């Protein structure tokens, strides 16, 4: 055993080990199973995700640093790991019929990559060292590059992959350059040691450059304006379940990384990065919503809506208080359910003869499939922030966190943006309920898709009416970061 | 005498060349190479800082960056080839079935 690593370290990364084992199992099963039985791979994947979730149970109250500060196993990472596993499971359920319709060659590789991306996200959420954060980020990103281009005969899918790859690699370069300056100015790669090393260096221009570079690098990953140009193209071109996973999992993991790097690693620089995120938040909300209004492709519209949501989510980071971080965590969880649900409806509309991602494909859906139309109605209202849905609760917490930290202007802009966003969310509802039916075969709900819609609809309603449990969990998770200490330093 | 600042200035220049290449060049392979230059600028910064600080962390992280860069290049080239089969071109401007 190498020095510094003990057997107990392996115990603490048990969930990650189980997930790695599961991913390899899927890959082996893909080779061993006869071609007509490969549909069962989806269930093997779900089993692996379930086993990983079970392996998280012993660590519900753990708060340790593993392998001399490479990874943190705490409530914060636990919150995100649960989110990733849920999102991955929902994505797998969505993919089953979609892959059949698209005639994808080998589902085994697809599910393997989904599990790899999940593994990368889990490492990102736990990483408190530049090395682990980078490795987690790339495990996720490289899996997504391939997934985005998974439907090889489709040129749009290929283009999406190339665009995502080029801008992803470019943003990695910027992020790493910022990280190299952070390392050079602190002499360590551990974020928690770094935090104390930066105290007293606040005015160093090199450190400010590092902050700007890391903000830009992370901005690419969360698709914040002006680093968002890849998102609409990639979301539109990638296979729909991948788009769903990308817009939820990748965004949540990037926010976890953002919180780790800035809140844990650079609390003394908070005046600088809060200002940068303040500007990014306003730009992102406004540009995202205005661009979404003009879209006729629903996937593209949801891409701009997802950009706008990154702007809302940044409000909690700008506030910088424990309450702000809590609000961001709450909204990430709520956003995941409504976003995955909306993409599940688009997946449902994909049939042999219809692509199903244009606005006109939603015409008259209420008459052909009332349940799917009702689910979409709910997700749209929730994304727009209308009570009694979960989206309202999430936005309420974000805006009140901003007001609590005396960012009144930001909260007002947030509310105005929510009003703009209602226009394009309600437009889908109008198409579904008031327009004539279009041609093509009737959309059919498979049991897997019914399960997905059931879970996401329930979550959107229940979290809107009874959000206390989620609030308490998010609050406890945010407080493991020691945000309270930062707040004291700012005031 | 070559000091830390010389290395840092060199890596900053390399990084700027790489960034400029990404924006200016109109060939997917050249853009890929420009990104590699950016990553090597990062490596140089890490190594230079590691040597100046007398800590091994800077050298260690470079190994990880190189591995990641290799994995990215492998995947990236594969994606470029599968796109090339659709359209015999490496100019990003010719891929316009999605608005860029």
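Summary of computed values
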read-out: Of all residues making up the range A:235-261, the number that are under 11 Å from residue A:336 (Cα atoms) and in contact with a strand residue (DSSP E or B) (Cβ under 8 Å, 6 or more places away or on another chain); value: 0
read-out: Residue that is surrounded by the most Cβ atoms within 10 Å (Cβ to Cβ) [pool: residues in the range B:1-26 that are touching a residue at least 40 places away in the same chain (Cβ under 8 Å) and either within 11 Å of another protein chain (Cβ to nearest Cβ) or touching a helix residue (DSSP H, G or I) at 6+ places or on another chain (Cβ under 6 Å) (or both)]; value: B:8
read-out: Count of the range B:32-42 residues which are more than 8 Å from every other protein chain (Cβ to nearest Cβ) and either in contact (Cβ under 8 Å) with a residue 24 or more places away in the chain or touching a helix residue (DSSP H, G or I) at 6+ places or on another chain (Cβ under 6 Å) (or both); value: 4
read-out: Residue check for residue A:212: assigned to a helix (DSSP H, G or I), closer than 23 Å to residue A:191 by Cα and at pLDDT 95 or above; value: yes
read-out: Tally, over the range A:343-376, of residues that are in a loop (DSSP other than H, G, I, E, B) and in contact with a helix residue (DSSP H, G or I) (Cβ under 6 Å, 6 or more places away or on another chain); value: 4
read-out: All positions within the range A:75-86 that are under 19 Å from residue A:134 (Cα atoms) and without any contact (Cβ under 8 Å) to a residue 60 or more places away in the chain; value: none
read-out: Qualifying residue in the range A:110-129 (condition: surrounded by fewer than 24 Cβ atoms within 10 Å (Cβ to Cβ), within 11 Å of chain B (Cβ to nearest Cβ) and in contact (Cβ under 8 Å) with a residue 40 or more places away in the chain); value: no
read-out: Residue within the range A:355-370 that is surrounded by fewer than 21 Cβ atoms within 10 Å (Cβ to Cβ), under 30 Å from residue A:321 (Cβ atoms) and under 24 Å from the mean Cα position of the chain (by Cα) present; value: no
read-out: Filter result for residue A:72 (assigned to a helix (DSSP H, G or I) and either touching a residue at least 60 places away in the same chain (Cβ under 8 Å) or on the phi < 0 side of the Ramachandran plot (or both)); value: no
read-out: Test: residue in the range A:261-272 that is within 19 Å of the chain's Cα centre (by Cα) and farther than 24 Å from residue A:134 by Cβ; value: no
read-out: Exclusive hit being more than 26 Å from residue A:247 (Cβ to Cβ) and under 25 Å from the mean Cα position of the chain (by Cα), set A:32, A:14, A:49, A:25; value: A:14
read-out: Test: residue in the range A:78-87 that is within 14 Å of residue A:23 (Cα to Cα), under 18 Å from the mean Cα position of the chain (by Cα) and part of a helix (DSSP H, G or I); value: yes
read-out: Residues of the range B:51-77 that turn out to be free of Cβ contacts under 8 Å to residues at least 40 places away in the same chain, in a helix (DSSP H, G or I) and at the interface with chain A (Cβ under 8 Å from one of its Cβ atoms), as a count; value: 11
read-out: Of the criteria (1) within 14 Å of chain B (Cβ to nearest Cβ); (2) surrounded by 22 or more Cβ atoms within 10 Å (Cβ to Cβ); (3) modelled with pLDDT under 95, which one residue A:141 fails; value: (3)
read-out: Odd one out for residue B:29 among (1) closer than 18 Å to residue A:185 by Cβ; (2) touching a residue at least 60 places away in the same chain (Cβ under 8 Å); value: (1)
read-out: Qualifying residue in the range A:144-165 (condition: modelled with pLDDT of 95 or more, under 23 Å from residue A:481 (Cα atoms) and not in a loop (DSSP other than H, G, I, E, B)); value: no
read-out: Odd one out for residue B:81, checked against (1) buried (at least 16 other Cβ atoms within 10 Å of the Cβ); (2) within 26 Å of residue A:146 (Cα to Cα); (3) over 18 Å from the mean Cα position of the chain (by Cα); value: (1)
read-out: Lone unmet requirement of (1) in contact (Cβ under 8 Å) with a residue 24 or more places away in the chain; (2) under 19 Å from the mean Cα position of the chain (by Cα) for residue A:150; value: (2)
read-out: Qualifying residues in the range A:419-455 (those that are free of Cβ contacts under 8 Å to residues at least 40 places away in the same chain and within 15 Å of residue A:385 (Cα to Cα)) - the one surrounded by the most Cβ atoms within 10 Å (Cβ to Cβ); value: A:422
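Yes/no per residue for (1) closer than 22 Å to residue B:56 by Cβ; (2) more than 7 Å from chain B (Cβ to nearest Cβ); (3) without any contact (Cβ under 8 Å) to a residue 40 or more places away in the chain; (4) surrounded by fewer than 24 Cβ atoms within 10 Å (Cβ to Cβ):
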| position | (1), (2), (3), (4) |
| --- | --- |
| A:155 | no, no, yes, yes |
| A:159 | no, no, no, no |
| A:164 | no, yes, no, no |
| A:171 | no, yes, no, yes |
| A:180 | yes, no, yes, no |
| A:184 | yes, no, yes, yes |
| A:189 | yes, no, no, no |
| A:192 | yes, yes, no, yes |
| A:197 | yes, yes, yes, yes |
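The values are calculated or read from the model by the stated rules, or taken from the named source; none is laboratory data. In this text the structure is predicted, and so the values were computed from the model without any measurement. Glycine also receives a Cβ, built like all others from the backbone with ideal geometry; neighbour counts cover every protein chain displayed.
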